[in-house]
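Data block below; observations after.
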Amino acid sequence: MIPIGVSNRHIHLTREDLDRLFGEGYQLTTAKELSQPGEFAANETVRVIGPKGEFPAVRILGPLRKFTQLEISKTDSFSLGVKAPLRASGKIAGTPGIKLVGPKAELEIQEGVIVAERHIHMTQADAAKYNVQDGDYVSVKSAGERSLVFNQVLIRVKDTYALDMHIDTDEANAAGLRTGDQVEIMK
């Protein structure tokens, strides 16, 4: 069984973009640790403004990254008025941009808005156990009143990962799942 992590809208920032939004050398503060080792939800948020709507407080996740990326659900993309494509995290080329507002400045990112592909983080040992490799796609079955099968679940393998399947709020609501619930890879 694999634990579920429900991922609400959030943003990853570069050092440069954090400096512009919050001030030179600003350091994020930890609100809570996340399921993946070394990752955290920051206390800090940014305002996100799209062509049609906005979100006043989108949580920043740390640590800082090499690229700025806003991860939203399909429902969020309708609310903002952006055509965010379904992508694996980090695959931001050709994606739409958006306006970000922090306490010190605002900036317009030129790309980086995605609906993140559902995926499973696992170690090499986990991958061997499930007979999968990094980049594979599998189907996953949930249980309960709204059980369903998630097809096209990306496998992400790295020995620093903790076993966890990430889905967005739209997917979680459709299946009646919450963080900590369990699913299984179909054979």
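The values are calculated or read from the model by the stated rules, or taken from the named source; none is laboratory data. For clarity, every value in this text was computed on a predicted model and none was experimentally measured. Methodologically, a virtual Cβ is constructed for each residue, glycine included, from the backbone with ideal geometry; neighbour enumeration extends over all protein chains shown. We work out accessible area using only protein heavy atoms, side chains counted, and drop any ligands, DNA or RNA first. Shrake-Rupley method; radii C 1.70, N 1.55, O 1.52, S 1.80 Å.
Key figures for this structure:
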read-out: Residue-count net charge about E171 - beta-carbon cut-off 10 Å; Lys, Arg +1, Asp, Glu -1; value: 0
read-out: Counting DSSP beta bridges with both ends in the range 1-67, the antiparallel % (nearest 5); value: 80 percent
read-out: Heavy-atom accessible surface of the chain: percent carbon and sulfur, 1.4 Å; value: 49 percent
read-out: Antiparallel %, DSSP beta bridges [both residues in the range 35-187], to 5; value: 75 percent
read-out: Accessible area per residue in Å² at 1.4 Å probe, computed on the chain; value: 52 Å²
read-out: Scattering profile of the chain at q = 0.17 Å⁻¹ [log10 I(q)/I(0), Debye over alpha-carbon scatterers]; value: -1.13
read-out: Cross-link reach list, aspartates and glutamates versus K158, counting only Cα pairs under 20 Å and skipping chain neighbours closer than eight places; value: E33, E39, E117, D126, D134, D136, E184
read-out: Estimated 222 nm signal from helices in the chain, with DSSP H stretches of n ≥ 4 weighted -39500 (n - 2.57), rounded to 500; value: -4000 deg cm²/dmol
read-out: Of K32/K104; K141/K187; K32/K129; K74/K187; K52/K99, pairs whose Cα-Cα distance is over 19 Å; value: K32/K104; K32/K129; K74/K187
